[in-house]
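Trainee: Take this structure, written in structure tokens, and hold onto it; I'll ask about it next.
Every number in this text was worked out from the coordinates using simple rules, so none of it is lab data. What you see is a predicted model; the values in this text were computed from it and never measured. Cβ: placed from backbone, ideal geometry, glycine included. Neighbour counts: every protein chain shown.
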Amino acid sequence: MVNIERLYSDRAGKMRKSVIRELLKVTQDPEIISFAGGLPNPNSFPIEDLEGVIESVMKNYGKTALQYGTTQGLKELREIIAERSYKDGIDVEPDNIIITSGSQQALDTVGKMFLNPGDTAIVGLPTYLGGINAFKSYESNLTGIPLDKDGMMVDVLEDTIKKLLKDEIIPKFIYVVPTFQNPAGVIMPESRRKKLVDIANEYDLIVVEDDPYGKLRYDVPPVKPIKAFDDIGRVIYISTFSKILSPGFRLAWNISSPELCRKMIICKQALDLCTNTFTQYIASEFMRLGSMDLHIMKICEMYKPKRDIMMKAMDKYFPESCICYKPKGGMFAWPTLPEGIDTELLFLDAIKQKVAYVHGKAFFVDGGGARCMRLNFSYSTDEQIEEGMKRLGNVIKEKIEKNKVVL
Ligand SMILES: Cc1ncc(COP(=O)(O)O)c(C=O)c1O
């Protein structure tokens, strides 16, 4: 047998399995009600519309749609994205857009571009686990900035940057999910977005804005992306078709300065040569037909009541000592449970009762988050949400009772 461990690079040796990917395996059991994955609801996929689009792509563009494409991505798709971005407040030329294989690939590429072993990047406390994994895989150190109900606390951010610089550590970038954050669900108001750009300008830093959920908006007016306040090309904006069309397409886009774009394309070349050409044509044609906005509206109409069912069920079945901000968009609720509960340990009790979630510590780079749990409300049926929350409420109440006995 090959003694493989001794042959791995230091980098590969240090890579850890994604907690969520592992959890998703447990939750394959059909009896388990899973609030764990960040999955869109399969009933939201516009299957019939796409059947027509796929047929027309094959008929009209078959020979190019089945061919390799450019690394930067299909021009027609980038043009439509540029038009749509303009409406959102980002003035961008199609040449400054890159289509990637999911936004996860963009995050990995950001890591590849900026992080040497031992380098520091700044992330939220909590933040998206896939971001943590991507940046950690480049052997970086991640410094966390706490969030409040308005997202990353920019005052703490500035103090932290000052401290790092004093220790001669230049943080390579600030990674932020400002809109309906994964996992905390919070949205950063415009004033804080501007302040964040001011801070990045003041200390000459890059901001990586990850925005998969901005269009899944239920009861707040839209807020412009951070990128809209960036005049000099220091914000890399990333978004994806995963939550508004299909994660199976593996299609996302990012917007950055010409210089950063050039470097990113080179980094991407070694990863996959080009993003899936066929799905790029499909997404492009779907949007050209004007179907996207209506489709997003339908998704929001499906998810908003699910969010409401989850929040009501939380009121009904969880102990009063559990606190939860009501997310105004996105896919996740993020309750904090009372002192003395560790959601990582509680997970085993939950699985016995056939309900699953992701424990809070998975999203913290400083070991925090033990009392938090991430609950996805987009994937399950309404009935499953009600039943799953009831089961989870009972699991939490039982734990509190047991803790009292121990005390
Ligand atoms: C904040 C955030 N960034 C990136 C991703 C990755 O998405 P994609 O399917 O585009 O790779 C996700 C997926 O859940 C996410 O929540």
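Trainee: Among the aspartates and glutamates, which fall within straight-line cross-link reach of LYS390, defined as a Cα-Cα distance under 20 Å, with same-chain neighbours fewer than 8 residues apart omitted?
Mentor: ASP29, GLU31, ASP308, ASP315, GLU320, ASP342, GLU344, ASP349, ASP382, GLU398, GLU401
Trainee: What lysines does LYS136 reach when the alpha-carbon gap must be under 21 Å and sequence neighbours fewer than 8 apart in one chain are set aside?
Mentor: The reachable lysines, counting only those whose Cα sits under 21 Å from LYS136, are LYS14, LYS17, LYS112, LYS172, LYS263, LYS268, LYS361.
Trainee: Rounded to the nearest angstrom and ordered from largest down, what semi-axes does the equivalent ellipsoid of segment 202-299 get from its C-alpha gyration tensor (root of 5λ)?
Mentor: Details: eigenvalues 123, 90, 21 Å².
In descending order the semi-axes read 25, 21, 10 Å.
Trainee: May I ask you to list the lysines whose Cα is less than 23 Å away from that of LYS298, ignoring any residue fewer than eight positions away on the same chain?
Mentor: Excluding near neighbours in sequence, the set is LYS87, LYS215, LYS224, LYS243, LYS306, LYS312, LYS326, LYS328.
Trainee: On average, how much area does the Cα convex hull of segment 351-393 cover when viewed from any direction, in nm²? Write out the running numbers ahead of the final one.
Mentor: Values: hull surface 13.5 nm².
Mean shadow area of the hull around the Cα atoms is 3.4 nm².
Trainee: What range in the chain is the longest one free of GluC sites (Glu not before Pro) that are in a loop by DSSP and have at most 13 other Cβ atoms within 10 angstrom? Provide the component values of the computation, followed by the final result.
Mentor: On the way: sites that count: GLU31, GLU168, GLU320, GLU339.
No qualifying site falls inside 169-319, the longest such stretch.
Trainee: What percent antiparallel are the DSSP beta bridges of segment 130-236, to the nearest 5?
Mentor: Working: 2 of 8 bridges.
Given both bridge residues lie in segment 130-236, the antiparallel proportion sits at roughly 25 percent.
Trainee: With 10 Å bins from zero, work out the P(r) of the chain over every alpha carbon pair and list the percent per bin.
Mentor: 5, 22, 31, 26, 14, 3, 0, 0
Trainee: Still on this structure: Kyte-Doolittle cut-off -0.5, length cut-off 30 Å along the helix's own axis using Cα: show which whole DSSP H helices in the chain pass. Walk me through the numbers on the way to the answer.
Mentor: Numbers: long enough: 292-317 (37 Å, -0.48); 382-406 (36 Å, -0.98).
TM-like helix candidates: 292-317.
Trainee: Roughly speaking, what is the centre-to-centre gap between segment 233-306 and segment 160-219 when only Cα atoms are used, to the nearest Å?
Mentor: Cα centroid to Cα centroid, the span is 21 Å.
Trainee: Same structure again: In the calculated pair distance distribution of segment 261-407, what percentage of Cα-Cα distances lie above 20 Å? Walk me through the intermediate numbers first.
Mentor: Numbers: 6420 of 10731 pairs.
When every Cα pair of segment 261-407 is considered, 60 percent fall beyond 20 Å.
Trainee: Also, quick follow-up: What is the gain in length, in nm to one decimal, between GLU301 and LYS163 on full extension, counting 0.36 nm per residue of separation less the C-alpha to C-alpha distance?
Mentor: Working: separation 138, 0.36 × 138 = 49.68 nm, distance 4.52 nm.
Taking GLU301 through LYS163 to full extension adds about 45.2 nm, to one decimal.
Trainee: Can you list which of the trypsin sites (Lys or Arg not before Pro) found in segment 215-247 are DSSP loop residues with at most 13 other C-beta atoms within 10 Å?
Mentor: On the way: sites: LYS215, ARG217, LYS227, ARG234, LYS243; in loops: LYS215, ARG234, LYS243.
Within segment 215-247, no trypsin sites (Lys or Arg not before Pro) qualify (loop, at most 13 other Cβ atoms within 10 Å).
Trainee: Need the C-alpha centroid separation for segment 1-16 versus segment 28-44, integer Å.
Mentor: The distance from the Cα centre of segment 1-16 to that of segment 28-44 comes to 33 Å.
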